[in-house]
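**Student:** Once you've had a glance at the structure underneath, I'll fire off some questions.
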Amino acid sequence: MLEAASRLIGDKPIFAVNGMKLRDRFKKQRWGRFGRFKIVVPILLAGWIPSILTLVVSYTILTQTLETKIRRDRQTFVQLIAHLVGDDLGGKSTIIEYYQTLPGVAKILTDPNAAAAGQQWLNQTYFSHPRIDGMFLADAEGRLIASVPSNPNLVGRDFGSALWREGAIATSGAFVSRIHPRDPDHRLATDIVGAVRISDGRVVGFLGVSVLVQRIGARLSLIQFADESTCQVLDQSDTALFTNNFQPNSDLRPVESASLINDIHNGKRNGHFEGGGNLYSFSPIESTGWTTVLRQPATVAYRPVHELLNKMNILVGWLLVGTALAAWGTSKLYRRQTEARQRIEREVIFNEKILANMPSGIAFVDPTSRRFLQANEAFGRMAERFGDLPRGHDITKANYDDVKIAPAEAIEKVLSFGTPFQLIEHPLKDKTGMTHFLDINLLRLQGSHETIQGVLYLVEDKTRDVKLRQELINANAAKDQFLALLSHELRNPLSPVIAMVGELEASMPDSPSVRDALELIRRNVELEARLIDDLLDVTRIAKGKLQLSFETISVHQILQRAYEICREDIAAKHLEVEFRLRAVETYVEGDSARLQQVFWNLIKNSVKFTPEKGRIIIETLNPAPEKIEIRITDTGMGIEQEKIEKIFNAFEQGQTSITRRFGGLGLGLAISKAMVDAHGGRIRVESPGKDRGSTFSLELKTVPSPAMAGDGAEEGHPTVLEKESAVPAYRRVLVVDDHKDTCTGMKMMLERRGYEITVAHSAEQAMEKARTQDFDLLISDIGLPDRSGYELMRELQNSKGLRGIALSGFGTENDISKARAAGFSKHLTKPINFERLEEAISNLLEPEPTCRS
């Protein structure tokens, strides 16, 4: 309402828009519809075109450049490996080239005793060259003359000349053979052989050294290769020298991939090619006919390129998305601005109609003249009814002081300080004298340049709301009073019934049938009292007046007490109860009586809904050092899943048939939850489903166990302070109650316990008897016919110093507080629990304790 009303005044007259031509409005709407595209499209083009161009360049020029660089680096690397192998073999060739030209070698080969001379020479020469693995001399036909390591069995036999004889003759230097198992140890090796010639060029024999493949592999294994790269050396017969980890290859068959060998031998791909998803780089080993090949998966080899492209894709993607978001945001902003402008125009056009039909009074006051520039019809009517404005007087001709609704000084404060003025439910009388309650607001309005435009004057009649709220308050109070009176009237007849049951139990002979009947009466009376207490507890909880008396207590003890109360009901249904008290930390800070009520409710609930011969498990445990959890599990009728969420609501028992079958008001669980919440705990329920039992879990915070009382409290040592006698020395009691049956029952029960009882049925009778007799204690009802028990207690306490016990059907927290304020030492509610009553009497009448060592 304030926002709409504030549109009344602006920088332009409120009817300026009414003269706008329809054609101009259509032009604005059409431009507004397509105007967004004029903003969005340039933004998208400015961001998307460079992004797409960047992506195209990345996938063409940049990709090719980087892949070429990677292949070039790989080719350089494989050439270095080939040079390393060739340099190793070339060093051995140098040895051959040196010795094959020495005259002494030719002389040995032409010596008739060449075997002995040759073996001696090899033994001297071999050990001066540590980087060779063997050395041999052969005649012109390739038969062995001598060797290191020596093997006499091979002398005179062909020494694998098919591998090297023709090659050695064909070259003037050393010839490197293909790999083969050498004699006599069959280890893979290559022979580097040179032909020994005499002066006429005739070949008189051969000198050779052998190099183990294992030696070559050991040297290559020291090289660190890139990810998933494998290096291989092929000899002139295309046989691979190595297996994995540069171990000698025992399979001397040529490499099976014909296309791979063809690509290598053709040499048309500049030392690299791709095939089978792999990138191959190769380089020949000079003067050997061998080839070094490096293989790596193409995806791994080109991974840096792909990662760069992925980053470029992400960057371009973010640029595209960012541009789209920027365009979208600009479009939304433009749309909002357009809609805001149109909304303002519509509000300005229709403000008069809107404000005219508002039930609240709205007016605009000029800041200088204090005159009402504008006001709706509702404000004019209110000004006449509550503001002393003459009937029929034009509101626009009146000023602020003429309408006496808001205080005269309020407008000055609003204009000077800018602080809104507000009165809530301010009472004002109309001309008929009827009081109305108004909400009055004054609000300073400012223009676009912080100039004060005027004061917005708002008046709203809240009389109906105030009356409805007061009626609700009165109804709620009446309800509470009704519940209190109802509980009082319901409790009064129960007290004599309980008294007579106790009297009959004490006086009747041992008759099982009579005792069963009396027990039935007692049980149902106590159930009725429990229902009344539940109703009052719900009222206390709803009003937030549930009072708790906290002390350090043991959960196990409270559970045992609650179980003892239900023991007879458990035995009647032949239920099996199992205790699993596994908790170590059992002490909590709580109200003993209220927690006992909670446990009793939960155990009673399990007993109530568990069929005969069923089972109940009462369990405690410590889920954490500072927490204790109590679980009560039964094999009863269970809870349907859709009812679990409602089970702790007041008056909720799942379904109507349960209420009819088992009875009760459905308050026990609601009260239990409220009491657990008040203790800072948590209660929940779980059930697999109907007829499958249920588990109620209650969690409380633990506290350290209380300290021992001291040496005097230990077992076998009496305390320093002991009571001399537990029997009251004074027994004269005045009982006051207007319900004669209650007086009769109490008199009989207390006299049988040894007290001297005097009965009065009104406060006046009690005062008369107190003037003629001395009493030690007063037990009085509160609602007496002539005056309240509170007044009686005050008079007897002031005149006789008498202590008292309030015995009433009113049991609210307010009743207990009033009883203590009147002088009562104890407040008990009806029906009378004679054990509690006798305990209270004994505590009040017993003599002061004495101390002894």
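The values are calculated or read from the model by the stated rules, or taken from the named source; none is laboratory data. Bear in mind that the values here come from a model prediction, so they are computed numbers and not experimental data. Virtual Cβ from ideal backbone geometry, glycine too; neighbours counted across all protein chains shown. In case anyone asks, the SASA skips ligands and DNA or RNA and just uses the protein heavy atoms, side chains included. Shrake-Rupley method; radii C 1.70, N 1.55, O 1.52, S 1.80 Å.
**Student:** Give me the count of lysine pairs in the stretch 402-485 whose alpha carbons sit under 22 angstrom apart, restricted to pairs 8 or more positions apart or on different chains.
**Tutor:** 9
**Student:** Under the 0.36 nm per residue contour assumption, what length would be gained going from the current alpha-carbon distance of GLN342 and LEU581 to full extension?
**Tutor:** Between GLN342 and LEU581, full extension yields an extra 78.7 nm.
**Student:** Can you list the residues, at least 5 places off or on another chain, whose amide H is less than 5 Å from the amide H of HIS426, using H built in the peptide plane?
**Tutor:** LEU438, ASP439, ILE440
**Student:** Quick one: how many Å² of ASP461 are accessible to a 1.4 Å probe, rounded to 10?
**Tutor:** The value for ASP461 is about 60 Å².
**Student:** Specify whether the C-alpha gyration tensor of the stretch 775-851 places it in the rounded, prolate or oblate class, a ≥ b ≥ c being the square roots of the eigenvalues: rounded for a/c under 1.5, otherwise prolate if a/b is larger than b/c and oblate if not.
**Tutor:** Oblate is the answer for the stretch 775-851, as a/c is 1.5 or above yet b/c matches or exceeds a/b.
**Student:** Sorted by average packing, counted as other Cβ atoms within 10 angstrom per residue and highest first, what order do 670-680, 65-75 take?
**Tutor:** Details: 670-680: 19.6, 65-75: 15.2.
Top of the packing list down: 670-680, 65-75.
**Student:** Same structure, new question: In this model, which of LYS643/LYS830; LYS769/LYS830; LYS608/LYS646; LYS690/LYS830; LYS769/LYS818; LYS701/LYS818 are farther than 29 Å apart at the alpha-carbon?
**Tutor:** The pairs that break the limit, which is 29 Å between Cα atoms, are LYS643/LYS830; LYS690/LYS830; LYS701/LYS818.
**Student:** In what sequence, highest mean first, do 752-765, 427-440 appear when ranked by Cβ atoms within 10 angstrom?
**Tutor:** Values: 752-765: 16.7, 427-440: 13.6.
For the peptides 752-765, 427-440, the packing ranking is 752-765, 427-440.
**Student:** Which order, highest average first, do 182-195, 123-136 follow once you tally other Cβ atoms within 10 Å for each residue and take the mean per peptide?
**Tutor:** 182-195, 123-136
**Student:** If contacts are Cα pairs under 8 angstrom and at least 6 residues apart, what is the relative contact order of the stretch 50-151 in percent? Let's see the in-between values first.
**Tutor:** Working: 52 pairs, mean separation 17.1, N = 102.
With pairs under 8 Å counted, the relative contact order is 17 percent.
**Student:** Work out the FRET efficiency for LYS740 and LYS800 from their Cβ-Cβ distance, taking R0 = 30 Å, and round it to the nearest 0.05.
**Tutor:** Computed FRET efficiency for LYS740 and LYS800 comes out at 0.75.
**Student:** Classify the stretch 141-207 as rounded, prolate or oblate, taking a ≥ b ≥ c as the square roots of the eigenvalues of its Cα gyration tensor: rounded when a/c is under 1.5, otherwise prolate if a/b is larger than b/c and oblate if not.
**Tutor:** Oblate.
**Student:** Considering the stretch 198-260, what Rg and Dmax in Å follow from its alpha-carbon atoms?
**Tutor:** 16.8, 56
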